Amino acid sequence: MLRLLILIELLRGKNTQIEIADSLKVSQQRVSYNLRKLEKEGLVKGKKLTAKGQEFLLKLHKELSNSLLERKRMEIEGVVFSGVGEGKKFLSIRNYKEGIKKKLGFSPFEGTLNIRLDEKNTKKRAFLSSLSFEYLKGFKKDGKEYGGTYLKKCFINGVEGGIIIPIKSRYGYNVLEVVSPYFLREKLKLKDGDKVRVVL
């Protein structure tokens, strides 16, 4: 799974081990080890995708896209865990709150629900970019720059919400953050370790 995510990062233009490790929230040693494996498989050469690597990703993308079209929707499952409170901090900022309301049609509760994904669902998370997302531009406030974020309407265990993918995130592909007009832990009676289903 990590090798697949590294290929995707290379496709996105990340061409140093530091950039890839920071983006995926893993050590440089793990990135280096997996890059060597990818080179042996002929998918990467000199930290760049080979024609074989590009063909591999294209084939995988087509297979997943066809699967999503057949199902008419995408489902991602994971377990709830406690974050460090950054969601509450950023969603209390007027620019984000108003931007999300404009893009998703609701004013978000000040906090995100953090969902940790297993390997199968991490693979789905990695290909969310194949879907159409709204983009909320970053902004500057009180001399500080705030990054943009991608948004997509969804339902969490049947409750209205939205996936939020910040450009600058502390999490890797194995974590999904969702917002909602409700305090989801209270609304759905959730605690750490509970399973949830996100449907797009």
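The numbers here are math on the coordinates, done by the rules we state, and not lab data. Small disclaimer: the values here were computed from a predicted structure and weren't measured. Cβ atoms come from the backbone with ideal geometry, glycine included; neighbour counts cover every protein chain shown.
Miscellaneous remarks
- Axial C-alpha extent at least 20 Å, average Kyte-Doolittle at least -1.0 - helices from the chain (DSSP): 51-71
- 19 Å cut-off, amide nitrogen to a point 7 angstrom out along ASP194 Cα→Cβ, residues in segment 140-159: 154-159
- For GluC sites (Glu not before Pro), no site in segment 70-147 is both called loop by DSSP and has at most 11 other Cβ atoms within 10 Å.
- In this Cβ point-charge picture (+1 for Lys and Arg, -1 for Asp and Glu), the chain has a dipole of about 220 debye about its Cα centre.
- Furthest towards positive pole of dipole, LEU200, GLY158, PHE183, structure part the chain, Cβ charges: LEU200
- The convex hull around the C-alpha trace of the chain, projected and averaged over every direction, spans 11.7 square nanometres.
- Extension gain, GLU110 back to GLN29 (0.36 nm per residue minus Cα-Cα distance, nm): 25.5 nm
- Residue with peak Gaussian network fluctuation, the chain [Cα springs, cutoff 10 Å], from LEU91, LEU104, LEU60: LEU60
- For ASP22, ASP142, the sequence from fewest to most other C-beta atoms within 10 Å is ASP142, ASP22.
- Annotation: the residues TYR150, TYR173, TYR135, sorted from fewest to most other C-beta atoms within 10 Å of their own C-beta, follow the order TYR135, TYR150, TYR173.
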